[in-house]
Structures are given as C-alpha cells and as structure tokens.
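One structure, pasted below without further comment.
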There are 2 protein chains.
Amino acid sequence: MAAELVPNKKVIFKNYITGFVKETDMELITSDTIQLKLPEESPGMIVKNLYLSCDPYMRSRMSKHDEPSYVPDFVAGSVISGLGVSKVVYSGHPDFSAGDLVWGMIGWEEYSVITNPESFFKIKDTDFPLSYYTGILGMPGLTAYIGFYEICAPKKGEYVFVSAASGAVGQLVGQFAKLMGCYVVGSAGSDEKVNLLKSKFDFDEAFNYKKEPDLNATLKRHFPEGIDIYFDNVGGAMLNAVLLNMRSHGRISACGMISQYNLEKPEGVYNLVFIIMKRIRFEGFVILDYFPRYYEFVEKIISDIRQGKIKYVEDQVEGLENAPAALVGLYKGLNVGKQLVVIAHE
Amino acid sequence: MAAELVPNKKVIFKNYITGFVKETDMELITSDTIQLKLPEESPGMIVKNLYLSCDPYMRSRMSKHDEPSYVPDFVAGSVISGLGVSKVVYSGHPDFSAGDLVWGMIGWEEYSVITNPESFFKIKDTDFPLSYYTGILGMPGLTAYIGFYEICAPKKGEYVFVSAASGAVGQLVGQFAKLMGCYVVGSAGSDEKVNLLKSKFDFDEAFNYKKEPDLNATLKRHFPEGIDIYFDNVGGAMLNAVLLNMRSHGRISACGMISQYNLEKPEGVYNLVFIIMKRIRFEGFVILDYFPRYYEFVEKIISDIRQGKIKYVEDQVEGLENAPAALVGLYKGLNVGKQLVVIAHE
C-alpha cells in the first residue's frame with residue numbers, strides 16, 4: 001500500500017561559490033513531495049523538521065574543496081543540510097519511535113529522510129523551548145562548554161576576551177567565564193549587542209569593534225594587564241590585535257573565524273611571533289569530535305539554567321522561505337543572539 | 001692590594017635597529033681592562049669566556065621594545081650579552097670556585113663580571129668538547145628536547161617536518177624524531193645542508209627551500225599523507241604552507257621564526273583557519289622556563305651521545321673580532337650546524 005504523498009518545501013543549494021554568500025545562491029522549491037514511510041526493511045527514519053540552526057561553519061560547505069574538508073561540501077542542486085530539531089514521524093530504527101523529539105543533521109525542508117538515525121540525539125528534557133536544542137542545549141552549547149572549559153583551561157581570576165560575544169557560542173562562553181570568577185570582555189558588531197552583553201549576560205565590559213579604529217589600543221584599554229584567554233570566534237584582524245595583548249602562558253581557542261569565511265582571500269595575521277614570546281597555546285577544535293560528550297554537557301547546562309545561572313538569547317525567523325536570508329544575515333552580523341529558523345512549532 | 005689589570009676586548013652593541021642586522025651595528029673595543037678580583041663582600045664571580053653562542057633570539061634584543069619583551073633589550077653602547085661557556089677565575093659565591101667550568105649568560109668579551117652566579121650551570125662532564133655546551137649540551141639541546149618531546153607530544157610512526165633543520169636545534173629534533181620511529185623531513189637553505197641532513201643526521205628526506213618555488217607543492221610531495229608534527233624554527237611563508245598540509249590533530253611547536261626577525265614588517269600568515277579545521281595545537285615556548293630541567297636533559301643526551309645515537313655538527317669561528325660576522329651570518333644562513341665563536345680554548 002503506497003503511503004500518502006505530502007508536500008515538502010525545501011531550500012536548494014544552487015552552486016559552489018567564492019566570496020560572500022547571497023540569498024540567490026539558495027532557492028526555495030515548493031513543488032516537491034515526500035512519502036512519510038520507508039520500505040519495510042529500512043533502518044532509517046522520517047522526521048518533521050521544526051527548527052533549523054544557522055551556523056557559521058555552513059559557509060565552508062558552500063565552496064568546492066579539492067580535498068575532503070572537515071565537513072563535506074554541499075551537493076550543488078541538492079537540499080541544504082544543517083543541524084536542526086525535528087519530530088520523528090516514522091522510524092524503522094529500533095532506538096527511535098514516531099513522536100520522539102530529536103536533533104541532528106537534517107535537510108532545510110519540511111520533512112527529511114534520515115539514513116543514519118544513530119547520529120541523532122534524543123531530546124529528553126522538554127520543559128525548555130525546543131528551539132534551545134539548536135543553541136544552548138545543542139551543538140553551540142557543547143562548543144562553548146568544551147571550548148572554554150577544556151581548550152581554554154581557565155582559572156579563577158583570569159582575564160578573558162570573547163569575540164562575536166553575543167552569538168550562540170560567545171554569550172555562553174562569557175557567562176561560563178563569569179561563573180568561574182574571571183574578568184570578561186566581549187566584542188560585538190552593534191551597540192545593541194554590546195548593551196546585551198553588559199546588561200543581560202553580565203560581561204564586565206564590552207565594545208563595538210566597528211567603532212574601534214585601533215583594535216590594539218582598544219584591547220590595551222580593556223586589558224591593561226593583558227589577556228589570559230581569548231575565545232576566538234572571528235579570526236583575522238581581531239586575532240592579530242589580540243596576539244599583541246596576550247599574557248604569558250595565555251591560551252587561544254580557535255573556535256571559528258567568521259570574519260574570514262566569505263573573503264576571496266583570507267586576511268594575513270602578522271603577530272604570530274608572540275605565540276613564542278608569550279608562550280601561547282593556540283588550539284583549534286571541531287565540536288563533532290566531542291559529540292559523544294553531549295549528554296554529560298546537557299545535564300550540566302540544564303542544571304545551570306534551572307538555577308538561573310545562565311541566560312540565553314536567540315533570534316528566531318519564521319518560515320523556511322526566510323531561511324536563506326537568515327543564513328546570509330548571520331555572516332553580516334544581523335542576528336542578535338543565536339540565529340535559527342522556525343519551520344513548524346510542533 | 002689592587003689586583004692586576006688585564007686587557008679585556010669586547011663587542012659593543014652600538015644602537016637599536018630595525019631591519020636586517022649588520023656587522024657595523026656592533027663594534028670591537030680593544031682598549032678596555034678588567035681587575036680579576038671583586039670586593040671582599042661581593043657574592044659575584046669573574047669568568048674567563050671560552051665559547052660564545054650565536055642564537056637566533058638575539059636579534060630581538062637589538063630592537064627597542066616599548067614594553068618588556070621575553071628577553072631584555074640590549075643596552076645601547078654596552079657589551080653584547082649571550083650564552084657562553086666560561087671558566088671561573090674568581091668567585092665570591094659559595095657554590096663556585098676558581099677553575100670551575102660553567103655556562104650561562106655572559107658578555108661578548110674576554111672576561112665577564114657575573115653578578116648572578118646562581119643562574120649559571122656547572123659543567124660536570126668534560127669528556128666532550130666544551131663548545132658542545134653552547135649547543136647540544138646547552139640551551140639549544142634543551143630546546144630541542146623540550147620542544148620535541150613535550151610540546152610536540154610525538155608518537156611512533158608520525159610524520160614530522162623540521163625547518164632550519166641543520167641548525168643547532170633542528171638537527172637534534174630530527175634525530176630525536178628518528179629515534180622515536182617517526183618519518184622525518186627537514187628543510188634547509190643550501191644543498192650542502194640538505195646533504196648533511198640525509199647523510200649525517202639520518203633524515204628520511206630533506207629539501208633546499210630556496211630552490212622550491214611552491215612550498216605547498218613541495219610539502220605535498222614529501223608528505224602525501226600530511227604532517228603530524230611541525231617543529232617550526234622559521235615562521236612566515238613556510239608556516240603558511242605547512243598549515244595547508246597538516247593532518248588532523250597535528251601539533252606545531254613554535255620554537256623560532258628566524259625568517260621574520262630581520263623584517264621591518266613580518267609576513268602575513270593566511271591559512272590559520274586550518275588550525276580549526278585540522279584541530280591543530282600551535283604552541284609557543286621559551287626555553288628559559290625549562291632551565292630547571294637542564295640536568296635531567298643533559299644526563300639523557302649524554303647517554304645518547306655516548307651510545308652513538310645522536311650526532312652533532314657545529315660551525316666554529318675563531319676570535320672575538322669575528323663574532324659580529326658570525327651572528328649576522330646566522331640570519332643569512334651562512335652557518336652549517338651550530339654557530340659559535342671561540343674566544344679561548346681554555
């Protein structure tokens with residue numbers, strides 16, 4: 001018996017790009033349909049997608065790489081994929097049942113066929129907004145947790161600088177650092193974000209980097225004693241200025257370099273000799289490697305949220321048709337807080 | 001009773017510089033004298049200097065820094081200081097006696113007054129050439145030991161690349177890596193040095209970077225599987241190319257950046273995004289921090305040398321008057337092996 005065909009809008013990635021991503025690099029297709037059932041023997045599942053996550057790393061997937069990159073390139077002409085929160089509508093996999101809420105790698109579409117359900121996380125706590133599983137309770141939260149507590153190896157009283165500090169990861173890193181008793185300064189790209197950092201997230205100081213013509217002088221003003229920990233989300237000119245202002249035995253976690261992702265050629269960084277002189281550990285990480293620790297993390301962060309220790313701001317856009325603009329806006333810094341797209345609320 | 005005045009030739013640092021150091025930035029003074037005795041109550045000592053070490057970090061001391069650097073700037077108009085091997089001729093310090101052989105920070109002069117004898121290391125094993133204590137048995141040896149075994153955290157079978165590989169540090173790093181069962185490639189700036197790497201130091205491969213127009217292609221050819229460990233002595237363009245060729249979870253020890261020290265403005269490094277994508281740990285160190293571990297190191301390396309496991313090549317220049325040219329030559333890559341200056345053989 002053939003299952004019913006339902007409409008399945010989707011956003012297609014048109015073709016590989018160089019330079020700045022544009023909305024027209026993506027296209028909404030409204031004519032597709034999907035059967036909400038798989039062949040009897042299939043161990044896959046079908047999910048109804050609720051919330052899509054817009055994440056900086058996605059830009060990398062839009063360029064064609066000669067050699068395999070740390071995440072696979074998108075397939076030109078196919079649906080965009082990204083992390084998201086979904087409800088299982090059909091499962092041939094023993095660990096999942098229709099009705100389960102999950103998060104994992106889905107298509108930018110109303111329904112996705114999932115061939116690797118074992119890569120999905122089950123959502124156990126549902127007394128938070130489900131959208132949180134694209135951010136504080138999902139990959140960006142784990143990124144902040146591992147990146148700060150492990151890669152940065154923080155100590156009480158240290159001087160911490162966070163760039164892109166109001167973003168999904170940055171806002172959490174700053175709060176983790178405050179909870180640990182560090183002095184925390186954040187940078188962001190608008191006065192609204194700067195206010196948010198100071199008023200909502202309890203950063204000691206914050207500045208709008210777009211208004212600072214001399215980042216070295218700005219950092220010297222905020223960190224007269226120097227920086228122990230830099231949580232780098234942006235790379236480029238900010239990283240270059242930070243290197244001049246690090247303290248001995250400082251640590252830089254290379255989490256992201258969003259300022260560079262849309263450039264035809266990356267900016268040069270000139271001050272690397274301070275890696276030696278200041279005995280700096282500059283360490284990159286890819287959060288995929290730490291996914292096995294997700295449940296450990298989420299238990300801890302849920303406890304922190306429940307105790308009112310951690311706050312969270314997200315920027316929701318409604319409708320799959322607005323997803324391309326939301327993703328492009330992320331690289332322009334138009335979002336305030338975690339950028340996500342609502343396809344359906346349940 | 002006044003002690004005898006003896007002549008004391010010395011090399012003066014004339015004034016702070018930018019750009020490439022020249023012999024004329026230093027001056028030999030032959031008119032000075034010194035008393036080989038200190039006031040009764042002084043806890044210092046007087047040493048007769050035998051061997052001077054020419055080390056890349058010395059260039060940093062020739063530029064004026066607004067803020068304290070990791071080593072103090074030279075004093076314009078005063079004697080150049082550097083590491084060297086000396087014989088104690090007078091001691092007011094209970095731990096040292098006339099006749100002791102030591103190494104530590106001395107002046108580029110025939111005799112030095114030492115106000116901090118406690119910073120000196122006693123030379124216990126004298127069945128090696130004393131000059132070795134400027135290199136394999138001194139600071140550069142410890143640098144190779146700590147930089148490779150600790151900062152690079154090597155594992156058997158890994159792919160290791162060493163730049164400035166025939167230098168004081170590089171030649172030892174390559175041999176340490178071979179002893180550990182790694183695959184080792186070195187770069188150097190002449191065919192003579194490349195031959196030395198392969199024939200004497202047992203590197204698996206080596207290349208003359210001056211003959212390689214495309215360093216990325218060169219590294220791809222030598223490391224088709226990528227690089228696990230890069231022991232960086234040069235920085236700049238080589239570092240930039242290495243970043244493209246690192247393997248996941250690779251390690252880069254930032255030991256030196258000699259290609260950059262004499263530039264008015266350092267070169268940009270453009271490929272730092274691979275620090276993230278390849279999960280690289282890029283870590284700087286300053287060997288001064290590890291001086292307390294010197295005797296641990298020297299015991300091990302002496303055992304390795306005695307067993308014939310480690311070879312060593314040095315480049316000796318005779319005469320204090322030739323020290324400026326030797327130091328300048330270091331930055332031009334004219335030395336083959338550890339560059340040092342002989343003032344006196346005993």
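Which of the residues spanning region A:266-288 are under 26 Å from the mean Cα position of the chain (by Cα) and within 7 Å of another protein chain (Cβ to nearest Cβ)?
Answer for region A:266-288, where residues must be under 26 Å from the mean Cα position of the chain (by Cα) and within 7 Å of another protein chain (Cβ to nearest Cβ): A:266, A:268, A:269, A:280, A:281, A:282, A:283, A:284, A:285, A:286.
List the pairs whose first member sits in region B:132-151 and is of a type in the set (Asp, Glu), whose second member is surrounded by 24 or more Cβ atoms within 10 Å (Cβ to Cβ) and assigned to a helix (DSSP H, G or I), and whose Cβ atoms are under 6 Å apart, counting only residues at least 6 apart or on separate chains?
none
Kindly provide the set of residues from region A:74-90 that are open to solvent by less than 30 Å² (accessible area, probe 1.4 Å) and assigned to a strand (DSSP E or B), ordered by number. Even if it seems obvious, please write down each step before you answer.
As a first pass, look at region A:74-90 and keep what is open to solvent by less than 30 Å² (accessible area, probe 1.4 Å): A:74, A:80-86, A:88.
Within region A:74-90, A:81, A:82, A:83, A:84, A:85, A:86, A:88 qualify.
Kindly indicate whether residue A:251 is crowded, with 20+ Cβ neighbours inside 10 Å, among the charged types (D, E, K, R) and in a strand (DSSP E or B). Give the steps one after another, and end with the answer.
Details: crowded, with 20+ Cβ neighbours inside 10 Å: yes; among the charged types (D, E, K, R): yes; in a strand (DSSP E or B): yes.
When the stated conditions are applied, residue A:251 passes them.
Among the residues of region B:125-161 satisfying the criterion of being modelled with pLDDT under 95 and out of contact with any Leu (no Cβ under 7 Å at 6 or more places or on another chain), which is most open to solvent (accessible area, probe 1.4 Å)?
Selected residue: B:127.
Just the residues that are assigned to a helix (DSSP H, G or I) and charged (D, E, K, R), please, taken from region A:206-220.
Matches in region A:206-220: A:210, A:211, A:220.
Is it the case that some residue within region A:39-62 is more than 14 Å from chain B (Cβ to nearest Cβ), over 24 Å from the mean Cα position of the chain (by Cα) and charged (D, E, K, R)?
Yes; the residues of region A:39-62 include at least one that is more than 14 Å from chain B (Cβ to nearest Cβ), over 24 Å from the mean Cα position of the chain (by Cα) and charged (D, E, K, R).
Another question about this same structure. If only one of A:186, A:181 is open to solvent by less than 10 Å² (accessible area, probe 1.4 Å), small (Gly, Ala, Ser) and not assigned by TED's automatic domain parsing to the domain that holds residue A:336, which one is it?
The match here is A:186.
Suppose we keep only residues that are out of contact with any strand residue (DSSP E or B) (no Cβ under 9 Å at 6 or more places or on another chain) and open to solvent by less than 50 Å² (accessible area, probe 1.4 Å) within region A:274-302. Which one would you say is farthest from residue A:257 (Cα to Cα)?
If we take residues in region A:274-302 being out of contact with any strand residue (DSSP E or B) (no Cβ under 9 Å at 6 or more places or on another chain) and open to solvent by less than 50 Å² (accessible area, probe 1.4 Å), then A:302 is farthest from residue A:257 (Cα to Cα).
When region A:205-248 is examined, which residues are found to be open to solvent by 30 Å² or more (accessible area, probe 1.4 Å), closer than 18 Å to residue A:282 by Cα and of a type in the set (D, E, K, R)?
Hit for region A:205-248 is A:247, nothing else.
Restricting attention to region B:304-326, does a residue exist that is buried (at least 16 other Cβ atoms within 10 Å of the Cβ), under 16 Å from the mean Cα position of the chain (by Cα) and in a loop (DSSP other than H, G, I, E, B)?
Yes: one or more hits.
Here is a further query. Among the aromatic types (Phe, Trp, Tyr), assigned by TED's automatic domain parsing to the domain that holds residue A:144, farther than 24 Å from residue B:263 by Cβ and assigned to a loop (DSSP other than H, G, I, E, B): is that true of residue A:230 in this structure?
Spelling it out, it is not the case that residue A:230 is among the aromatic types (Phe, Trp, Tyr), assigned by TED's automatic domain parsing to the domain that holds residue A:144, farther than 24 Å from residue B:263 by Cβ and assigned to a loop (DSSP other than H, G, I, E, B).
Going residue by residue through region B:106-113, is there one that turns out to be away from chain A (no Cβ under 14 Å) and free of Cβ contacts under 8 Å to residues at least 60 places away in the same chain?
yes
Go through region B:285-314 and give me each residue that's out of contact with any helix residue (DSSP H, G or I) (no Cβ under 8 Å at 6 or more places or on another chain) and of a type outside the set (Ser, Thr, Tyr).
B:288, B:289, B:292, B:296, B:299, B:302, B:305, B:306, B:307, B:308
Would you check which residues across region A:121-156 are closer than 14 Å to residue A:104 by Cα, part of a loop (DSSP other than H, G, I, E, B) and among the hydrophobic types (A, V, I, L, M, F, W, C) and list them?
A:123, A:137 - these are the residues of region A:121-156 that are closer than 14 Å to residue A:104 by Cα, part of a loop (DSSP other than H, G, I, E, B) and among the hydrophobic types (A, V, I, L, M, F, W, C).
Regarding residue A:271, is this residue assigned to a helix (DSSP H, G or I), open to solvent by less than 50 Å² (accessible area, probe 1.4 Å), without any contact (Cβ under 8 Å) to a residue 60 or more places away in the chain and more than 30 Å from residue A:111 (Cα to Cα)? It would help to see each step written out before you state the result.
Details: assigned to a helix (DSSP H, G or I): no; open to solvent by less than 50 Å² (accessible area, probe 1.4 Å): yes; without any contact (Cβ under 8 Å) to a residue 60 or more places away in the chain: yes; more than 30 Å from residue A:111 (Cα to Cα): yes.
So residue A:271 fails the test.
Hey, another quick one. Against the condition open to solvent by 10 Å² or more (accessible area, probe 1.4 Å), of a type in the set (Val, Ile, Thr) and farther than 20 Å from residue B:345 by Cα, how does residue B:71 come out, does it pass?
yes
Still on this structure, I have one more. Filter region B:337-346 down to the residues that are among the aliphatic types (A, V, I, L, M) and either out of contact with any Ser or Thr (no Cβ under 9 Å at 6 or more places or on another chain) or open to solvent by 30 Å² or more (accessible area, probe 1.4 Å) (or both) and list them by number.
B:343, B:344
Check region A:290-298 and report whether any residue there is facing chain B (nearest Cβ under 10 Å), out of contact with any Cys (no Cβ under 7 Å at 6 or more places or on another chain) and within 30 Å of residue A:241 (Cα to Cα).
no
Look at residue A:165 and say whether it is modelled with pLDDT of 95 or more, small (Gly, Ala, Ser) and not in a loop (DSSP other than H, G, I, E, B).
Answer is no for this residue.
Related question: Answer yes or no as to whether residue B:240 is part of a helix (DSSP H, G or I) and at pLDDT 95 or above.
yes
The values are calculated or read from the model by the stated rules, or taken from the named source; none is laboratory data. Remember, predicted model here, so these are calculated numbers, not experimental data. Heads up, the Cβs are rebuilt from the backbone with ideal geometry, glycines too, and the neighbour counts pull from every protein chain shown. The protein model used for the area step is the full one, side chains on, heavy atoms only, and it has no ligands, DNA or RNA in it. Shrake-Rupley method; radii C 1.70, N 1.55, O 1.52, S 1.80 Å.
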